[in-house]
Amino acid sequence: MKKEPQSIKWRLRSSSLSSIISNSLVLFLLGILLLLLFNAKRLSDFVKENIGFSVILHDDVREVEAGFLRKTLDASPYVRSTEYISKEEAATELKEQLGEDFIGFLGYNPLSSSIEVRLRAEYANPDSIKKIEDELMAFRPVKEVFYQKSLVNLVNDNVRKISAIILLFGALLFFIAFVLINNTIRISVYSKRFIINTMKLVGATWGFIRKPFLAKGITHGFYASLLAILLLVSVVYLAEQEFYEVINFGQVELLAAIFGLVIVAGIIVNLLSTYFAVNKYLRLKADDLYY
């Protein structure tokens, strides 16, 4: 006889635990989506700022002239960073890539010194790069400006497409999150439909019957949100190792806003779902509870 109440308590606890875990996983996905949405601009800028071009210099250009040109570029509003690569450095790098000494075979170094330029995100588009190319070609040391036009177009097109997909996916995921949490709570309330009916029969008001269910819904939503936040923190930590410029723990205000939205979403969705689920069984007659 003593084991039976314990088994009932265990079933209730396991039911609550499974509800919290399932809700937390949904909220975790919602949090991931919020991270993507809030960091979409940073992610776009990160991709675009890795687009650059090579300023190939004439063979007779001295390092002093190259240094002056590099400083001029660094002072330009469209340049994020520059790197000077001498003929010798370019040859060494190509040797490593080819795995053989091509200079010994040719008898001379055919490569030119160059300045590798990385652009700011707002200038990483075909029109701006073309204007920058025309401007650079006016400098005497510049022999050629090399960049992959197709790659620039591809990156910009893909950034626009990905942004639209993220927004559509966000709306869909939020709907799915609400449906999943709502169904989980409805199943939980369904198992207590006879208790609700018994309380009605002894004269309890609807508000009195709803109160413990709503309190439980808020509690489960809060615990599920905390578990989802722990998962999000682990994701941010792992992402920080690879994409520090896109997302990191230094974004205190952003992360606080996302975590706050996850907690609010968890509580509100659980509260509303519990409210409507309990109301459904409050309206049912005793005979309808068996169907």
Residue identified as among the polar types (S, T, N, Q) and surrounded by fewer than 18 Cβ atoms within 10 Å (Cβ to Cβ) among T92, T82: T92
Please work out which residue is farthest from the chain's Cα centre (by Cα), limiting yourself to segment 34-70 and to residues that are aromatic (F, W, Y) and farther than 30 Å from A171 by Cα. F68
Can you confirm whether V189 is in a helix (DSSP H, G or I), surrounded by fewer than 17 Cβ atoms within 10 Å (Cβ to Cβ) and either in the same structural domain as A224 (by TED's automatic domain parsing) or modelled with pLDDT under 75 (or both)? no
Of the residues in segment 141-157 that are touching a helix residue (DSSP H, G or I) at 6+ places or on another chain (Cβ under 8 Å) and free of Cβ contacts under 8 Å to residues at least 40 places away in the same chain, the one that is nearest to V47 (Cα to Cα) is N153
I'm told A121 meets every condition in (1) closer than 30 Å to L33 by Cα; (2) at pLDDT below 75 except one. Can you identify the failing condition by its number? (2)
Segment 100-113 residues that are of a type in the set (S, T, N, Q), paired with ones that are surrounded by 16 or more Cβ atoms within 10 Å (Cβ to Cβ) and not in a helix (DSSP H, G or I) (beta carbon under 8 Å, 6 or more apart): S112/I56; S112/L57; S112/K143; S113/L57; S113/V61; S113/Y84; S113/I85
What tally of residues in segment 92-114 results from selecting those that are small (G, A, S) and farther than 21 Å from F146 by Cβ? 3
How many residues does segment 34-82 contain that are touching a Ser or Thr at 6+ places or on another chain (Cβ under 8 Å), acidic (D, E) and closer than 23 Å to L111 by Cβ? 2
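The values are calculated or read from the model by the stated rules, or taken from the named source; none is laboratory data. Source: prediction; values computed, not measured. Counting neighbours? That spans all protein chains shown, and the Cβs are built from the backbone with ideal geometry, glycine included.
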